[in-house]
Amino acid sequence: MKSIMQLVREKVKQTPPGQLLTYADFKLKDSHFEALAAALSRLAKQGMLERLGRGRYYKPKETIFGNIQPTEKVLIDKLKVSGSKVKGYESGIGLYNQLGLTTQVAQEVTLMTKKQRRTARFGKTKVRFMQSPTDFKAPDIDKLQLLDALRDFKKIPDRNSAQIIAILRKHLTALTEREQKRLVQLALDYNPATRALLGALLAQLGQLEKAIKLKQSLNPLTSYKLGIPEAVLPNAKDWNIR
């Protein structure tokens, strides 16, 4: 039977340079984590690995510019998924830039996770972890990202209200009937302003049954100051959006 060190060494040899390795990649029992940590630490001292953070290593690639670390995309993808389990998804300015809602480039990466975690730094990449308002599965992520954009409407830098509403409406239209129903279900765990804005957009698209479900979840005496002109959202007053 192979020792933990032998298993770890073999895995490292098979790993491409620049690839991030975490404890989860070795698929060992929790009772073996202490031996795993010791093996990784030993290989780092031998130069086979470089330590990037607690429990995170990468196989260095020598170039004329020195060791190449994992790219930001590799780091983020690794933080989002552990084995076959989805741990989080990207949100914040980075996401809104990808969706075309802002031209600003994120100075840090925002990951929505199921549990609140402290802000961390991996090399030069700062990652802010925020707890999602709802439990989620992999198929929910695109819908949750839309809901995050609706929730953060006022916080989107350099926003053009007309352009943002048009883009979000386009994404809503692209969802199937089943996906729209799931979106509404997920929205019920978000704050009232998010539900109001989603309801207004769905009503504009003729999805009245779904819009009514959202309206029934709102306090009719509460108004939402989102700064959206009536010309951009004609039914804003019906949803107490100011």
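The values are calculated or read from the model by the stated rules, or taken from the named source; none is laboratory data. Because the structure is a prediction, the values reported are computed rather than measured. Heads up, the Cβs are rebuilt from the backbone with ideal geometry, glycines too, and the neighbour counts pull from every protein chain shown. The accessibility values were calculated without ligands, DNA or RNA, using every heavy atom of the protein model including side chains. Shrake-Rupley method; radii C 1.70, N 1.55, O 1.52, S 1.80 Å.
DSSP assigns beta bridges within the chain; of those with both partners inside it, close to 75 percent run antiparallel. Taken per residue, the accessible surface of the range 13-99 reaches 61 Å², heavy atoms only and a 1.4 Å probe.
Where Lys and Arg each count +1 and Asp and Glu each count -1, what net charge lies around K215 among other residues with Cβ under 15 Å from its Cβ? If you can, show how the numbers build up before the last one.
Details: positive: R195, K210, K213, K237; negative: E209, D238.
Local charge sum for K215: +2.
Overall, the anisotropy analysis places the range 161-202 in the oblate class: the square-rooted eigenvalues a ≥ b ≥ c of its C-alpha gyration tensor yield a/c not less than 1.5, with a/b not exceeding b/c. Distance from the alpha carbon centroid of the range 88-138 to that of the range 15-55 works out to 25 angstrom. Each Lys or Arg adds one and each Asp or Glu takes one away; over the other residues whose Cβ falls under 10 Å from the Cβ of Q131, this sums to +3. Between A44 and D142, the modelled labels are 3.9 nm apart [label points 7 Å from Cα along Cα→Cβ]. Multiplying the residue separation of K85 and V105 by 0.36 nm and removing their Cα-Cα distance gives an extension gain of 4.3 nm. Comparing mean-square fluctuations of D30, D135, D77 from a GNM of the chain with C-alpha springs under 10 Å, the top value falls on D30. About its Cα centre, the chain has a charge dipole of approximately 720 debye under the convention of +1 per Lys or Arg Cβ and -1 per Asp or Glu Cβ, with nothing else charged. For K61, the solvent-accessible surface with a 1.4 Å probe is about 100 Å², rounded to the nearest 10. Shape descriptor for the range 87-242: Rg over Rh equals 0.96 (Cα atoms; Rh from the Kirkwood inverse mean 1/r). In the chain, helical runs assigned H by DSSP with n ≥ 4 each contribute -39500 (n - 2.57); averaged across all residues and rounded to the nearest 500, the mean residue ellipticity at 222 nm is -12000 deg cm²/dmol.
In the chain, carbon and sulfur make up what percent of the accessible area (probe 1.4 Å)? Let's see the in-between values first.
On the way: 7110 of 13970 Å².
With neighbouring chains kept in place, the figure for the chain is 51 percent.
For K114, the shell of other residues with beta-carbons less than 9 Å away shows a net charge of +1, using +1 for Lys and Arg and -1 for Asp and Glu.
Take every pair of alpha-carbon atoms less than 8 Å apart whose residues are at least six positions apart; their mean separation over the length of the chain yields a relative contact order of 12 percent. In this label model, M130 and E34 are separated by 4.0 nm, measuring between points 7 Å along each Cα→Cβ vector.
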